[in-house]
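Since the structure comes first, as C-alpha cells, the remarks are kept for the end.
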Amino acid sequence: MTDSIREIRLGLAAGEFSSVEITQDYLNKINLHNPTLNCFITITDELALEQAKAADESIARGEIKTLTGVPIAHKDIYCTDGIKTSCASKMLDNFIAPYDATVIEHFKRDGAVILGKTNMDEFAMGSSNENSYYGSVANPWDLGRVPGGSSGGSASAVAAGLAPAATGTDTGGSIRQPAALCGITGIKPTYGRVSRYGMIAFGSSLDQGGPLAHSAEDCALLLQTMAGFDPRDSTSIDQSVPDYSVDLAQDIEGIKIGLPREYFAEGLDADIANVIASAVDEFRRLGAEIVDITLPNTKLSIPVYYVVAPAECSSNLSRFDGVRFGYRCDNPTDLEDLYKRSRGEGFGDEVIRRIMIGTYALSAGYYDAYYLKAQQLRRLIKEDYEKAFERVDMILCPTTPEVAFKQGEKTDDPVSMYLQDIYTISLNLAGLPGMSIPAGFSQGLPVGLQLIGNYFEESRLLNVAHRFQQATDWHLQSPEMK
Ligand code: GLN
C-alpha cells in the first residue's frame with residue numbers, strides 16, 4: 001500500500017483497492033504501533049470502517065469527491081461531533097464535542113474517513129509533545145526522541161505510516177516544527193485562510209490550522225479541503241480559494257529566494273546549516289536566484305510571542321471553570337473552591353504557567369508595559385517581512401535550530417524549549433504562511449527546511465516545495481518500523 005494521497009485516490013478510483021481495505025490496513029498499523037508511539041488519543045475504528053464502507057458505495061456509483069475514501073487523522077484540538085475531544089488535557093478528558101469544527105465538516109463534505117484523534121501538547125502549548133495528559137509521543141526515527149510539538153501525534157503518525165496525512169494547528173510552529181523533526185511536509189497557511197471555528201483556541205490572533213503529509217502535492221489537496229471563508233469565524237477571510245494543485249508543477253526559473261542572515265547565525269546546528277546549504281544549491285539548479293536579506297527584529301519574536309500567546313491563552317482558557325464543561329473537582333465547599341480546584345487539578349503545569357504569565361501581563365498597571373509593548377514590537381516584526389517581500393518572492397531558512405532532541409532533555413528548562421521555535425514563531429506574529437519540507441538528515445534524524453511566503457501565497461509555496469520534491473527524494477524516506 002502507498003502513503004501518498006494522490007496514489008490512494010488513483011487506486012480507489014481504479015478499483016485497485018477499496019476504502020475499507022486501505023482503512024483497515026491503517027487501523028492494523030495503528031493497533032500495532034500505537035502502544036509504542038502513543039500518537040493517538042482516540043482511535044475511531046468502528047466509525048472509520050462505517051465511513052469507508054459508505055465511501056466505497058459512493059465510488060461504485062461514480063460519486064467521487066476530492067478525498068472520498070481517504071483515511072485521515074485529526075489533531076485532538078478539533079471538535080468532532082460525538083467523539084471525545086480532549087486537547088490532551090485532563091480538563092477535557094470527559095468532553096464529547098456536540099458539533100464538528102468547520103475543518104472537520106469540510107473533510108466530511110469531501111468524503112474523507114476519520115482514523116482517530118491524535119495526541120498533542122496540552123492545549124497546543126509545547127514543542128515536544130511532552131505536555132500531554134496522555135503521555136509523551138515517540139519520534140518514529142528514534143523512539144527515545146521527541147516528535148516535536150504541539151502537533152506531535154499527527155507528525156509521528158504520518159511519519160510512521162499510521163495515517164497518510166493528518167491535521168495540525170500552528171500558533172508558533174506547531175505544524176512546521178513537528179513536520180521537520182519527523183521528516184514530513186506541513187504547511188501553516190496565512191492567518192484567516194482556514195476557519196478556527198471549533199478548533200479549541202490557544203492564542204486567537206496566532207492560531208491557524210493546516211495539514212501534515214508526505215509531500216507538497218498531498219498538502220495541496222488537503223489544504224483545498226481545509227481552506228475557505230467561514231462566517232462563523234470572525235477572522236476568516238472572505239477571499240476565494242485558488243486551486244492549489246494546478247500550479248504545482250510550474251517552472252520556478254527566476255524566482256527570487258531570500259536567505260535571512262539572522263536565521264543562519266548563532267544557535268544553528270552546523271549539520272543543519274550544511275543540509276540547508278545543499279538545498280539552496282538545489283534551488284539554484286532549479287533556476288532560483290538567491291538573495292541575502294535581513295530581518296533585523298527576529299530576536300524580538302520569542303519575547304513578544306511569550307507575552308502575546310500567554311495573554312490570549314489566559315483569556316481563552318478562562319472558560320474552563322468547572323461549571324459549564326470539562327473537569328470538575330470532587331466535593332467543592334463553595335463556588336470559589338470549585339473554580340480554584342477544578343482549574344488547579346484540571347490543567348497541567350505548562351498550561352498553568354502560561355495562564356499565570358498571561359494574567360500578569362494583562363493586569364492593570366502592567367498591560368501597557370507588557371501587552372501593549374509586545375503588540376507594538378509585533379508590528380516591527382511584520383514590517384521586516386513587508387520590506388523583505390519588496391525584494392524577494394519567498395524566504396528560505398531552517399525550520400528548527402536542532403534535530404529531534406531526547407525525551408526529557410528540555411522539560412526542566414522552559415526557555416530552551418521555547419527557543420526551539422525561534423525560526424517559526426515570527427510568521428505567526430506576522431500572520432504569514434510558511435511550510436516545512438524534508439531537506440536531508442543529520443545523525444540519522446530528519447532536517448526540515450522552511451519556506452515563507454507573502455500573504456495568501458500558499459499556491460506559490462506549494463509550487464516551490466513541489467519542484468524541490470520532484471528533484472529530491474528526502475520526502476520519500478521513512479523510518480523503519482519494527
Ligand atoms: N511551541 C510553541 C508554544 O509552546 C508553539 C505551539 C503552537 O504552535 N501551538 O507555544
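Under the condition of being away from the ligand (no atom under 16 Å from the Cβ) and under 23 Å from Ser86 (Cβ atoms), the residues counted in the range 195-221 number 3. Would you check if Tyr423 is surrounded by fewer than 23 Cβ atoms within 10 Å (Cβ to Cβ) and among the aromatic types (Phe, Trp, Tyr)? Spelling it out, it is not the case that Tyr423 is surrounded by fewer than 23 Cβ atoms within 10 Å (Cβ to Cβ) and among the aromatic types (Phe, Trp, Tyr).
Within the range 124-139, count every residue that is touching a Ser or Thr at 6+ places or on another chain (Cβ under 6 Å) and either aromatic (Phe, Trp, Tyr) or open to solvent by 10 Å² or more (accessible area, probe 1.4 Å) (or both). Qualifying residue count, the range 124-139: 3. Restrict the check to the range 11-30 and report whether at least one residue is out of contact with any Leu (no Cβ under 8 Å at 6 or more places or on another chain), buried (at least 18 other Cβ atoms within 10 Å of the Cβ) and in a helix (DSSP H, G or I). Yes, there is a match, as at least one residue in the range 11-30 is out of contact with any Leu (no Cβ under 8 Å at 6 or more places or on another chain), buried (at least 18 other Cβ atoms within 10 Å of the Cβ) and in a helix (DSSP H, G or I).
When the range 250-269 is filtered for residues that are part of a loop (DSSP other than H, G, I, E, B), under 19 Å from Gln469 (Cα atoms) and either in contact with a His (Cβ under 6 Å, 6 or more places away or on another chain) or open to solvent by 60 Å² or more (accessible area, probe 1.4 Å) (or both), the ones remaining, listed by number, are Gln250, Asp251, Glu253. If the condition is being within 17 Å of Gln407 (Cβ to Cβ) and of a type in the set (Ser, Thr, Tyr), then the range 113-150 contributes Ser127, Ser128, Ser132, Tyr133, Tyr134, Ser136, Ser150. A search for C-beta distances below 7 Å between a residue of the range 124-143 that is on the phi < 0 side of the Ramachandran plot and any residue that is hydroxyl-bearing (Ser, Thr, Tyr) and in a strand (DSSP E or B), counting only pairs 6+ apart in sequence or on different chains, returns nothing. From the list Gly82, Gly69, the one residue that fits, being open to solvent by 40 Å² or more (accessible area, probe 1.4 Å) and on the phi > 0 side of the Ramachandran plot, is Gly82.
Contact map, the range 1-16: residues that are of a type in the set (Lys, Arg) paired with residues that are part of a helix (DSSP H, G or I), Cβ distance under 6 Å, separation 6+ or inter-chain. Pairs shown: Arg6/Glu217. Residues considered: Gly183, Gly203, Gly209. Of these, the only one that is open to solvent by less than 10 Å² (accessible area, probe 1.4 Å), more than 30 Å from Phe441 (Cβ to Cβ) and in contact (Cβ under 8 Å) with a residue 24 or more places away in the chain is Gly203.
For the range 86-101, does any single residue satisfy the condition of being surrounded by 23 or more Cβ atoms within 10 Å (Cβ to Cβ), touching a residue at least 12 places away in the same chain (Cβ under 8 Å) and part of a helix (DSSP H, G or I)? Yes: one or more hits. I'm trying to understand the selection: among the residues of the range 218-239, which are of a type in the set (D, E, K, R) and either crowded, with 24+ Cβ neighbours inside 10 Å or part of a strand (DSSP E or B) (or both)? Within the range 218-239, Asp218 is the sole residue that qualifies. Of the strands (runs of 3 or more DSSP E) lying entirely inside the range 353-472, those carrying at least 1 residues that are under 17 Å from Arg176 (Cα atoms) and within 14 Å of the ligand (Cβ to nearest atom) are 434-442, 445-453.
The set of residues in the range 36-58 being within 24 Å of Pro140 (Cβ to Cβ) and assigned to a helix (DSSP H, G or I) consists of Thr36, Leu37, Asp45, Ala48.
Across the range 318-351, the qualifying residues are those that are more than 13 Å from Phe95 (Cβ to Cβ) and among the basic types (Lys, Arg), and the one among them that is surrounded by the most Cβ atoms within 10 Å (Cβ to Cβ) is Arg343. Among the residues of the range 4-33, the one identified as β-branched (Val, Ile, Thr) and over 25 Å from the mean Cα position of the chain (by Cα) is Val20.
Just one of the numbered conditions (1) away from the ligand (no atom under 16 Å from the Cβ); (2) among the aromatic types (Phe, Trp, Tyr); (3) open to solvent by less than 10 Å² (accessible area, probe 1.4 Å); (4) over 16 Å from Phe107 (Cβ atoms) is not true of Tyr244: (4). Selection within the range 106-123: residues that are within 26 Å of Gly203 (Cα to Cα) and not polar (S, T, N, Q). The member of this set that is surrounded by the fewest Cβ atoms within 10 Å (Cβ to Cβ) is His106. Residues in the range 163-171 include at least one that is part of a loop (DSSP other than H, G, I, E, B) and within 23 Å of Leu221 (Cβ to Cβ).
The values are calculated or read from the model by the stated rules, or taken from the named source; none is laboratory data. Just so you know, these numbers come straight off a predicted model, no measurement behind them. A quick note on method: Cβ atoms are made from the backbone with ideal geometry, for glycine too, and the neighbour counts reach across all protein chains shown. For accessibility, only protein heavy atoms count, side chains too; no ligands or nucleic acids. Shrake-Rupley method; radii C 1.70, N 1.55, O 1.52, S 1.80 Å.
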